[in-house]
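Contents: one structure, followed by commentary.
Every number in this text was worked out from the coordinates using simple rules, so none of it is lab data. Keep in mind that this is a model prediction, so the values were computed, not measured. Every residue, glycine as well, gets a Cβ built from its backbone with ideal geometry; the counts of neighbours run over all protein chains shown.
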Amino acid sequence: MELFRNTNIDFLSKKWYFLAFSLIFSVAGVASMLFWHHIPLGIDFRGGTVVDVKFTQTPNVDKIRAELDRAGLKNTTLQADTRPGSNELLIKLDIRETSEQALDQGKEQIIKALETNAEAGKTDLNNIGYTSLQDYLLKADPLHLGTDAPAQYAQIARSIVNFRDKTHSGVLNSVADVSAVAPAGVVQALQQDFFTSNFGVRNVEIVGPQVGAQLRKQALLATLYSLLGMLLYLWFRFELIYGVAAVIACFHDTLITVGAFSLLNTEISLTVIAAILTLVGYSMNDTIVVFDRIRENIKLQRRDSLAEIVNKSINQTLSRTVLTSGLTFLTVLALFLFGGEVLHGFSLALVIGILIGTYSSIFIAAPMLVAYQEWRGQKAVPGAPSASSGGKGRRYKSPAKA
């Protein structure tokens, strides 16, 4: 299938417009990273507190975010578990201390923000710990156990907590549910002094600054290693200038994408890094298609200048580029519009990256081959004539690596 046939667009004559576009956005992104929003790292990289919350029903992410905002928790990230019947939500807070107090602080902040059905004077049975429940039973002594109270109430409290956390996945529908593991007198006492909210905090974890720093280092190394590997591959498969041009184009794509996240003040998480690595490979693949056609045409059109060959090669691959890039763009655009908060950063990086990566293959990587030849004043590719001479009436041999 072809969208265009026999196009003859002079792409190289328009390269300065796109170079100006790249320069403007690159400078704006770098300025934002240096002076304005910097690089807005997510909790995965900067450290913070992650709270795992289980709900009785599918959580309304927008409503929960509004409740957290009202409670003063502004810099939160919500990630819903999409498995059917899971009803779990990860809430990431900007609390970076690594002490036990920080764990309790994160839990209490979430409970205070989400406990909208709290009953005056009563305690939430879904969010009480084993020790606090045992202390309550000892103080209330609903079974009038006397000297045997500590051991028996400890066992009852442990049975209730285990029943809640293991059998009911951390959330009881009502206080009466504990009648399956607790004596009637204990159930009656709990019904007087306790209520059950529609959620339970299952786990609280802290991503410390050292872990965040290590993740930042690994993400940077993963990106650099991928670029280096592609440079070596293109050096072996084509020529060194091909690899240099492709890597510069990929670096250009990555810089503009990260700069866009900084300008939009959108957090960069591990999923965004995965998207950036994906778009690096996607952009490189698109560039290789153009480069391969250039190499083929150099062998077939020996009397044309390199600039003419590059233009013809881009026109010949234009239909393929528009089809593949267009369909991929529509897919990631649907993820961006309808994928929800969890996929927002990932899909945004791909939307920006596919647009930038597609045009950089045409207006950044390919023109570098011609610019390199003009800078050297001789053949840019073994066997290609100089652009300045126009290549008319001269014959040359095929590239060394055909």
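A few notes on this one:
- For segment 167-214 versus segment 297-319, the spacing of their alpha-carbon centroids is 69 Å.
- P(r) of the chain over all Cα-Cα pairs, binned every 10 Å from zero, in whole percent: 4, 18, 21, 16, 13, 10, 8, 5, 3, 1, 0, 0
- With respect to the chain, whose longest principal axis is taken over its alpha-carbon atoms, helix 318-338 is tilted by about 20°.
- Measure of compaction for segment 201-320 (Cα Rg per 2.2 N^0.38 Å): 1.42
- One compactness figure for segment 1-87 is 1.92, namely its Cα radius of gyration divided by 2.2 N^0.38 Å.
- Rounded tilt (10° steps) of 61-70 against the dominant C-alpha axis of the chain: 70 degrees
- A simple charge model with +1 on the Cβ of Lys and Arg, -1 on the Cβ of Asp and Glu and nothing else charged puts the dipole of segment 48-206 at about 300 debye relative to its Cα centre.
- Each 10 Å bin from zero up to the one holding the largest Cα-Cα distance in segment 148-279 carries the following percent of pairs: 10, 24, 15, 12, 13, 13, 9, 4, 0.
- Relative contact order for segment 206-279: 24 percent, from Cα pairs under 8 Å spaced at least 6 residues apart, divided by residue count.
- Cβ-placed point charges (K, R +1; D, E -1), dipole of segment 139-228 about Cα centre in debye, nearest 20: 460 debye
- Distant-in-sequence amide contacts of Ile268, defined by a placed amide H-H separation under 5 Å and a gap of 5 or more residues or a different chain, comprise Leu41, Gly42.
- Ellipsoid semi-axes in whole angstrom, largest first, where each is sqrt(5λ) of the Cα gyration tensor of segment 75-166: 31, 16, 14
- Extension gain from Arg65 to Arg237, taking 0.36 nm per residue of separation minus the Cα-Cα distance: 56.8 nm
- FRET efficiency estimate (nearest 0.05) - Cβ-Cβ, Gln57 to Ala149, R0 45 angstrom: 0.75
- Degrees between helix 130-140 axis and first principal axis of the chain (Cα, 0 to 90, nearest 10): 20 degrees
- Take the Cα of Val211, step 7 Å toward its Cβ, do the same at Arg83, and the gap between the two points is 2.0 nm.
- Radius of gyration and maximum dimension Dmax of segment 48-206, Cα, Å: 16.5, 51
- Taking 0.36 nm per residue of separation and subtracting the current Cα-Cα distance, fully stretching the chain between Glu374 and Ala334 would add 10.1 nm.
- Whole-number percent relative contact order across segment 48-206, with pairs defined as alpha carbons under 8 Å at least 6 apart: 34 percent
- Highest-first arrangement of 266-278, 73-85, where packing means the average Cβ count within 10 Å: 266-278, 73-85
- The mean sequence separation of alpha-carbon pairs under 8 Å and at least six residues apart, normalised by the residue count of the chain, gives a relative contact order of 23 percent.
- Note on Ile248 and His37: the extension gain reaches 73.5 nm, defined as 0.36 nm multiplied by sequence separation minus the Cα-Cα distance.
- Using the Cβ-Cβ distance between Glu119 and Asn162 with R0 set to 22 Å, the FRET efficiency works out to roughly 0.35.
- Which of His344, Ile160, Leu190, positive extreme of dipole for the chain (C-beta unit charges): His344
- Point-charge dipole on Cβ atoms (K/R +1, D/E -1) for the chain, about Cα centre, debye to 20: 2840 debye
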